[in-house]
Amino acid sequence: MGDGRAIRVLLVDDHQVVRRGLRTFLEIQDDIEVVGEASDGAEGIARAEELRPDVVLMDIKMPGTDGIEALRKLRELDNPARVLIVTSFTEQRTVVPALRAGASGYVYKDVDPEALAGAIRSVHAGHVLLQPEVAGALLAQEPGSGQGRGTSLTEREREVLSLIADGRSNREIARALVLSEKTVKTHVSNILMKLDLADRTQAALWAVRHGVTG
């Protein structure tokens, strides 16, 4: 971490052995700190509100409140945590709702441990972590309309959108375009408003669909 502060992570999974395995690996990372655990979505929401972690590792299928409902609730509460889905489910019917609910990324439980640590760092930095098959699933669900809305974007906004599609954080976009982060945030807000999109994930997918990429 640039400021010397570890990434604070909350583990939400109904299997204790999974949580133990994740904790064991993550605790050896110098820049990652596991601050808490939860065994279902409802407890995960409560712990996220109490602990205010930077990143939540969230399973999808859990008893009671599942991961997707927990995601929606965290967004309603305006909780700032980035949520990385860690699950064994690969079906489109679970991938798409999770990302639409506000997940910042989606990885599978058989992911290489080092890749998981990298995914945590990536979503914490503001990236949208979309594996190719996940992006494909989302694109298959996106309506084809809306192409005309892109004509309202300025050239600078199209540059910013292209970098969003490339998975860049606001800080990285600012460096690439020699802008302040505040200016980049303004451009991102304008892009979402003009394209009638809810978040960066949708913006990235819109850019891919309509060819606004680097």
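Here are the numbers:
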{"quantity": "Per-residue SASA entry for R19, accessible area with 1.4 Å probe, Å² rounded to 10", "calculated": "30 Å²"}
{"quantity": "The stretch 1-96, accessible area per residue, ligands and nucleic acids excluded (1.4 Å, Å²)", "calculated": "47 Å²"}
{"quantity": "Placed amide H near A38: partners under 5 Å, 5+ positions off or other chain", "calculated": "L11, V12, D13"}
{"quantity": "Karplus (6.51, -1.76, 1.60) ³J(HN,Hα), θ = phi - 60°, over the stretch 108-118, in Hz, Gly and Pro reported as x", "calculated": "9, 5, 8, 4, 4, x, 5, 5, 5, 4, x"}
{"quantity": "Euclidean distance of C-alpha centroids, the stretch 60-113 and the stretch 1-56, integer Å", "calculated": "14 Å"}
{"quantity": "Using θ = phi - 60° and Karplus 6.51 cos²θ - 1.76 cosθ + 1.60, couplings along the stretch 160-168 (whole Hz; Gly, Pro as x)", "calculated": "5, 4, 4, 6, 4, 5, 7, x, 7"}
{"quantity": "Per DSSP, loop GluC sites (Glu not before Pro) in the stretch 21-125 with at most 12 further Cβ within 10 Å", "calculated": "E27, E91"}
{"quantity": "Residues with amide H under 5 Å from that of R82, placed H, sequence gap 5 or more", "calculated": "V55, V56"}
{"quantity": "By accessible area with a 1.4 Å probe, ligands and nucleic acids excluded, highest first: order of T183, T87", "calculated": "T183, T87"}
{"quantity": "Karplus 3J(HN,Hα) series, Hz, for the stretch 6-12 with 6.51 cos²θ - 1.76 cosθ + 1.60 (x for Gly, Pro)", "calculated": "5, 6, 8, 10, 10, 9, 10"}
{"quantity": "R20, R72, R175, R156, reordered so the largest accessible area comes first (probe 1.4 Å)", "calculated": "R175, R20, R72, R156"}
{"quantity": "Residues with amide H under 5 Å from that of I32, placed H, sequence gap 5 or more", "calculated": "I7"}
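The values are calculated or read from the model by the stated rules, or taken from the named source; none is laboratory data. A quick note: this is a predicted structure, and the numbers were derived from the prediction, not measured. Ideal geometry is used to build each Cβ from the backbone, glycine not excepted, and the neighbour counts take in all protein chains shown. For the accessible areas, the whole protein counts, side chains as well, though only heavy atoms, and no ligand, DNA or RNA atoms are used. Shrake-Rupley method; radii C 1.70, N 1.55, O 1.52, S 1.80 Å.
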